[in-house]
Amino acid sequence: STPTSSGGLGSRSMSFVCLMCPIASSKSASTPSEHPMTPSFGAEQRLRFAEFKVDRLPSGRCQASVLLTWLEGKEYRGEAAGLTSQAGELRCAAEACLQALAKAVEGQIAFELVGVKSVRVFDSTVVIVSLGAKGEGLPPRVVGSCLTEDDTARAAALAVLNATNRILGNRLFMR
């Protein structure tokens, strides 16, 4: 978004124009409800993070499950298993989310987990993922993050969605 002033030097009123949207520059998008960045537009067109679960097993392993939903009640579940440790649970959650995404995109785009890490910065915990992307015209790597205070495994799954959001939105789900 780019701020544009609606008055002179003393004016405090400011509006934002979305440079990414073709409708933003169009004269026909005169009301906020016509702009694609409003919450009511395309809400059902986005892939949704519906459910997350991680189980820590007595065997020292963990299992993560991610459910994504889309139009007409379509559901895509991904599951992964790993070691019960902070790093193991993060990786397990991220892999489960990637499996759900793979089902949703039906092979049109492929992502692989390069790494996932939880870091403490500015008095907050941030989970960061790095993904390799394979597909025509895609950058070789994408990075996503999620701020959390208590559930780093869930944040790892959300960071995967953060990393893939623009690619999936532009390529597949915003037709």
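The values are calculated or read from the model by the stated rules, or taken from the named source; none is laboratory data. Keep in mind it's a predicted model, so treat the numbers as computed, not measured. Cβ placement follows ideal geometry from the backbone for every residue including glycine, while neighbour counts extend to all protein chains displayed. The accessibility values were calculated without ligands, DNA or RNA, using every heavy atom of the protein model including side chains. Shrake-Rupley method; radii C 1.70, N 1.55, O 1.52, S 1.80 Å.
Exactly one of these conditions fails for ALA29: (1) at pLDDT below 90; (2) in contact with a strand residue (DSSP E or B) (Cβ under 6 Å, 6 or more places away or on another chain); (3) open to solvent by less than 80 Å² (accessible area, probe 1.4 Å). Give me its number.
With respect to (1) at pLDDT below 90; (2) in contact with a strand residue (DSSP E or B) (Cβ under 6 Å, 6 or more places away or on another chain); (3) open to solvent by less than 80 Å² (accessible area, probe 1.4 Å), ALA29 is out only on (2).
Give SER118, SER59, SER130 a once-over and let me know the one that is polar (S, T, N, Q), more than 13 Å from LEU47 (Cβ to Cβ) and within 15 Å of the chain's Cα centre (by Cα). Talk me through it step by step, then tell me what you get.
Numbers: SER118 fails: within 15 Å of the chain's Cα centre (by Cα); SER59 fails: within 15 Å of the chain's Cα centre (by Cα).
Going through SER118, SER59, SER130 in turn, the sole match is SER130.
Using the structure shown, decide if ALA80 is surrounded by 14 or more Cβ atoms within 10 Å (Cβ to Cβ), at pLDDT below 50 and either aliphatic (A, V, I, L, M) or in contact with a helix residue (DSSP H, G or I) (Cβ under 6 Å, 6 or more places away or on another chain) (or both).
Details: surrounded by 14 or more Cβ atoms within 10 Å (Cβ to Cβ): yes; at pLDDT below 50: no; either aliphatic (A, V, I, L, M) or in contact with a helix residue (DSSP H, G or I) (Cβ under 6 Å, 6 or more places away or on another chain) (or both): yes.
Against the criterion (surrounded by 14 or more Cβ atoms within 10 Å (Cβ to Cβ), at pLDDT below 50 and either aliphatic (A, V, I, L, M) or in contact with a helix residue (DSSP H, G or I) (Cβ under 6 Å, 6 or more places away or on another chain) (or both)), ALA80 does not qualify.
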